[in-house]
Amino acid sequence: MSSRYTLAIHTSSPDLGLAISDGGDIRQQVWPLGREQSNLMHHHLQAFLQPQTWAELSALAVAIGPGGFTGTRIGVVLARTLAQQLQIPLFGVSSLAAIAQQEADRLSHRSLPSELSFEQIAVQMPAQRGQLFTGIYQVSDQFTVMQSDAVMTEAVWQETLATLEKPYHLVKAESNQGDYVTGVLELAHRARTAGHQPNWSDVLPFYGQHPIE
């Protein structure tokens, strides 16, 4: 039995998002688990994986945040443990980058050329104390981080956007992120196609200020 599937896990919000693909069709499901996420995550993961098996996985991908502290932590810990036990690569993907990738995919399938007149995607998402999680990306044949994920006030974010020289598309994302698990999967596929094979030990959660092991 060949190992060819990539499984993506997104727990950086109260939603649990799972997606799997062999490089072709993508199967995805989201559960609004709320505070029960840590208790029910393993049950849903086992059920979702079928009819595939753990032996058929050739890589894992996980959303590393920013997002909720507890959800992000348990997702990354689970992914690290699975990748270590299965001895397969683990791709850590920014939650904001996944949003940008999925938004670019959505717009590229629309028929209005005016929707695609931007060169960058800026993503904002609510953080604590009235601040915002923010990131800026260029999504084309290659995915490029133009501004690394950061926490900032609304005023600083607006100043940052005002300095952009290229046209941009702004995404005001909500806190629930499970639906963006396919963005996690696609960015992992991009990285793998480029030849990256990251070790599980290199993947750390990002809570908004700095990575914490």
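Every number in this text was worked out from the coordinates using simple rules, so none of it is lab data. Fair warning: this is a prediction, and the values are worked out from it, not measured in the lab. Using ideal geometry, Cβ is built from the backbone for each residue, glycine included, and neighbour counts are taken over all protein chains shown.
The gain in end-to-end length when the Val145 to Gln197 segment is fully stretched comes to 16.8 nm, 0.36 nm per residue minus the alpha carbon separation. Take 166-178, 95-107 and order them by the average number of nearby Cβ atoms within 10 Å per residue, most first; the result is 95-107, 166-178. With the convex hull drawn around the C-alpha atoms of the stretch 96-172, the volume per residue stands at 85 Å³. Net charge around Pro14, counting only other residues with Cβ within less than 12 Å of its Cβ (Lys, Arg = +1; Asp, Glu = -1)? In short, -2. Here the relative contact order of the chain, from alpha carbon pairs under 8 Å that lie six or more residues apart, stands at 27 percent.
Past the 25 angstrom mark, what percentage of all C-alpha to C-alpha distances in the chain do you count? More than 25 Å apart: 36 percent of the Cα pairs in the chain.
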